[in-house]
There are 2 protein chains.
Amino acid sequence: MLIRSNWGDEMQVYLDNAATSQKKPEAVFLAMENFFKQINCNPGRAGYELSLTAGRKVMETRERLARFFNMKEPNEVVFTQNITVALNIALKGLLRQGDHVLITGLEHNAVVRPLKALEKDRNISYSIMPTDPQGQVDPVEAAKLIQPDTRMIVATHASNVMGTLVPIEELGQLAAEYGLDFVVDTAQTAGCYPVDYKRLGATVVAFTGHKHLLGPMGIGGFCVSREAAKRMKPLYEGGTGSISDREVQPDFLPDQFESGTLNTLGIVGLGAAVDYLEQAGLEEIRAKEEKLTGKLLAGLQELPGVIIYGPQDATRQTGTVAINIQDVDNAELSFVLDKKFGIMTRPGLHCAPIAHRTMGTFPEGVLRISIGHFTTEEEVDYLLSSLQKVVDAI
Amino acid sequence: MLIRSNWGDEMQVYLDNAATSQKKPEAVFLAMENFFKQINCNPGRAGYELSLTAGRKVMETRERLARFFNMKEPNEVVFTQNITVALNIALKGLLRQGDHVLITGLEHNAVVRPLKALEKDRNISYSIMPTDPQGQVDPVEAAKLIQPDTRMIVATHASNVMGTLVPIEELGQLAAEYGLDFVVDTAQTAGCYPVDYKRLGATVVAFTGHKHLLGPMGIGGFCVSREAAKRMKPLYEGGTGSISDREVQPDFLPDQFESGTLNTLGIVGLGAAVDYLEQAGLEEIRAKEEKLTGKLLAGLQELPGVIIYGPQDATRQTGTVAINIQDVDNAELSFVLDKKFGIMTRPGLHCAPIAHRTMGTFPEGVLRISIGHFTTEEEVDYLLSSLQKVVDAI
């Protein structure tokens, strides 16, 4: 048992940014407050001024995201509750009976569980592209897995467990070469790393609004070109406020995939967040996080008994770092960090059993420390000194 | 052209509550603000205190809704982005190849469009239960439409166009008698009319959080018993923070249907709203709206040239009233009410072409005036006097 007497103080250090960013730019809340108190009408459902204003607010966010992901037009950005639903729409909307899919060895259950369902329902199959224990995906070896019935490559942009960046540009080229659909999960990168739909040659780029994009929870979506959307079936249908005389789903973007009332408040908040990111500059944001990640990795490397997973190189991974301490259960470690030091981390399997198999940490898992935009040097120092105390106490 | 010189003043009167309630109880915003600024962690994804607190907040709302809809346990309440997604989960989760479905003549496209998709995908078929132009559904005649392959009755609790209340208890009995699933759409009633899952003998009760329930947009869901859920397939799969070592979707409630990050902020707001409703008392809320609806109907009946649809009886309909003015286009009427009088209403087809066919108002539509919890007598008076001015000016 690790729990000892009072080591800690009252500090609260949030290092679970891979689950959600906790702190947001001030403009995010203000935009939501303003919308909620001044507007709060259902966008695009009527013609009165305040409903149109709500519609314009939604369009504003769409435009910002379209620019952010380099889409041709704002309507190529579709909103969903979260990136999981977005990925489900992409996979179930594109894959047909008997299709074969390539995935990385780092995929989240947001990809794997829908594929498992499709195995049953549509007899699809998938292969895991060669991925080393540090999470490096090998596109050359991956090409050898392509079969005549292979239709799609699905890749996370970075591991949600150990942060390893995936060579999505090369995978995009591979997909293009073989005429495959290419679906990219940017849950761990959008808002910190550039994601360019066109440059990637992607079919679908799925995003979450509440992590590095710094919006609230409850909003995500995907980017899809008008052409690709024509091949994609919606996952749910319903009222769209458009062609209301028709009993079939509209076949145009974004209505094709956006039925029912949107999380307008979330969209407004996300819009303010993306505006903040544009102004702050993605390169600056990334540089700051890279520096902090480097500091964290260097500090961890000096701690005896600490096992670090992943590339251990801030230029090849995000600010998400996976560790274990020899002979210490990671759940207990996370518990102690929270209780004694006020440090919030996440132990276990992180909804990514495949990634843990790749890492060799299945089923015991790891402790995940994930830095975010508002993480400070002091917080990293405090984490390192706290871990030092834990190590000393073993 | 109806537009004349300045009749109006600066008043803003919101009468589009059937699309969303605009004003909310103060506690709703305060709860969201508190969550956003003090907590804002991803619930159920880690073990640290603040994540557990977020999880407790979600559970609190689940508990309140479970009480509200009379469910056996809080986990029988599932959250989705909106009621449209909830209805899609119910229909697609329960209906199998070749099934036949009965619907009312009042259904929203949130029901009809998924059924149209299922016609194609699973060869299902549906029949519309006899519904008169005022929206009265006849359960006795409906029984005659039941075929050997009939598996489900889907009914809205009230028309979203003319407010007519549907005899859902009788339809529930019919479903029970023939062993059919019973899916109820409470978009227009929950928060104003009692909805008792057990008493209805329902399979699924779908709800929206942002209308009469007075929560924010972006949150809805459904109630389903543990037994019924066993027969229901999820529409989307993904990370649930549970059994993370497994690559298949959990088969227990609510995780079975709740993949990815929830709209936690929306759930917290909805929780505060349901608390408000519990304290205010549903009977009192309904009595107030019934009185206002009566006043509105009586006033409309006195206006020459105004055609009123629906039962014209506040005890047999919600506060949603459909009208037309002879020889006036309803879109133009709505426009004038907004521009000249600051009154927000909704013209057209209200995402319910079937309802308009039932009413005999397809494809020209109606003007919908929908009262909500915060509508005042003065606002109804103002609407009536404004309509009088419009009528006088024709």
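The values are calculated or read from the model by the stated rules, or taken from the named source; none is laboratory data. Please read these numbers as outputs of a predicted model, since none were measured by experiment. For neighbour counting, all protein chains shown are included, and Cβ atoms are generated from backbone atoms with ideal geometry for every residue, glycine included.
Inspect all residues belonging to segment B:15-30 and state whether any of them is in a helix (DSSP H, G or I), buried (at least 21 other Cβ atoms within 10 Å of the Cβ) and touching a Leu at 6+ places or on another chain (Cβ under 6 Å). No, segment B:15-30 contains no residue that is in a helix (DSSP H, G or I), buried (at least 21 other Cβ atoms within 10 Å of the Cβ) and touching a Leu at 6+ places or on another chain (Cβ under 6 Å). Inspect segment A:178-189 for any residue being more than 28 Å from residue A:273 (Cβ to Cβ), outside the structural domain of residue A:313 (by TED's automatic domain parsing) and hydrophobic (A, V, I, L, M, F, W, C) and give the result as yes or no. Scanning segment A:178-189, I find at least one residue that is more than 28 Å from residue A:273 (Cβ to Cβ), outside the structural domain of residue A:313 (by TED's automatic domain parsing) and hydrophobic (A, V, I, L, M, F, W, C), so the answer is yes. Looking at (1) touching a residue at least 40 places away in the same chain (Cβ under 8 Å); (2) out of contact with any Asp or Glu (no Cβ under 9 Å at 6 or more places or on another chain); (3) under 30 Å from residue B:335 (Cβ atoms); (4) of a type in the set (Gly, Ala, Ser), which is the only condition residue B:298 fails? Checking residue B:298 against (1) touching a residue at least 40 places away in the same chain (Cβ under 8 Å); (2) out of contact with any Asp or Glu (no Cβ under 9 Å at 6 or more places or on another chain); (3) under 30 Å from residue B:335 (Cβ atoms); (4) of a type in the set (Gly, Ala, Ser), the one that fails is (1). Evaluating residue A:227 against the criteria (1) assigned by TED's automatic domain parsing to the domain that holds residue A:186; (2) among the charged types (D, E, K, R); (3) touching a strand residue (DSSP E or B) at 6+ places or on another chain (Cβ under 7 Å) leaves one unmet condition, (3). Consider segment B:216-228 and keep the residues that are crowded, with 22+ Cβ neighbours inside 10 Å and more than 8 Å from chain A (Cβ to nearest Cβ). The one that is nearest to residue A:34 (Cα to Cα) is B:221.
Figure legend. Inter-residue proximity from segment A:373-394: first residues crowded, with 19+ Cβ neighbours inside 10 Å, second residues in a helix (DSSP H, G or I) and among the charged types (D, E, K, R), beta-carbon distance below 6 Å, spacing 6+ or different chains. Indicated pairs: A:380/A:295. Of the listed requirements (1) more than 8 Å from chain B (Cβ to nearest Cβ); (2) closer than 15 Å to residue A:75 by Cβ; (3) out of contact with any helix residue (DSSP H, G or I) (no Cβ under 6 Å at 6 or more places or on another chain); (4) of a type outside the set (A, V, I, L, M, F, W, C), residue A:241 misses just one: (1). Taken across segment A:307-320, residues that are within 14 Å of chain B (Cβ to nearest Cβ), at pLDDT 95 or above and out of contact with any Asp or Glu (no Cβ under 8 Å at 6 or more places or on another chain) do occur, with at least one present.
On the stretch given as segment B:328-372, residues that are surrounded by 22 or more Cβ atoms within 10 Å (Cβ to Cβ) and acidic (Asp, Glu) total 1. Is it fair to say residue B:46 is modelled with pLDDT under 95 and not assigned by TED's automatic domain parsing to the domain that holds residue B:334? The answer is yes for residue B:46. Can you work out which of the residues in segment A:79-103 that are of a type in the set (Val, Ile, Thr) and under 16 Å from residue B:257 (Cα atoms) is nearest to the other protein chains (Cβ to nearest Cβ)? Among those that are of a type in the set (Val, Ile, Thr) and under 16 Å from residue B:257 (Cα atoms), it is A:84.
When you go through B:288, B:340, B:295 one by one, which is the residue that is basic (Lys, Arg) and farther than 27 Å from residue A:47 by Cβ? Checking each option against the conditions leaves just B:288.
Right, residue B:256: of a type outside the set (A, V, I, L, M, F, W, C), within 14 Å of chain A (Cβ to nearest Cβ), crowded, with 17+ Cβ neighbours inside 10 Å and closer than 18 Å to residue B:62 by Cα or not? Yes.
Conditions (1) without any contact (Cβ under 8 Å) to a residue 40 or more places away in the chain; (2) not assigned by TED's automatic domain parsing to the domain that holds residue A:68, marked per residue:
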{"site": "A:245", "(1), (2)": "yes, no"}
{"site": "A:255", "(1), (2)": "yes, no"}
{"site": "A:262", "(1), (2)": "no, no"}
{"site": "A:266", "(1), (2)": "no, no"}
{"site": "A:291", "(1), (2)": "yes, yes"}
{"site": "A:309", "(1), (2)": "no, yes"}
{"site": "A:317", "(1), (2)": "no, yes"}
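Take residue B:11 and tell me if it is more than 12 Å from chain A (Cβ to nearest Cβ) and more than 16 Å from residue B:220 (Cα to Cα). Answer is yes for this residue. Check segment A:300-315 and report whether any residue there is of a type in the set (S, T, N, Q) and surrounded by 21 or more Cβ atoms within 10 Å (Cβ to Cβ). No.
In segment A:188-217, of all residues being touching a His at 6+ places or on another chain (Cβ under 7 Å) and of a type in the set (Gly, Ala, Ser), the one that is nearest to residue A:126 (Cα to Cα) corresponds to A:190.
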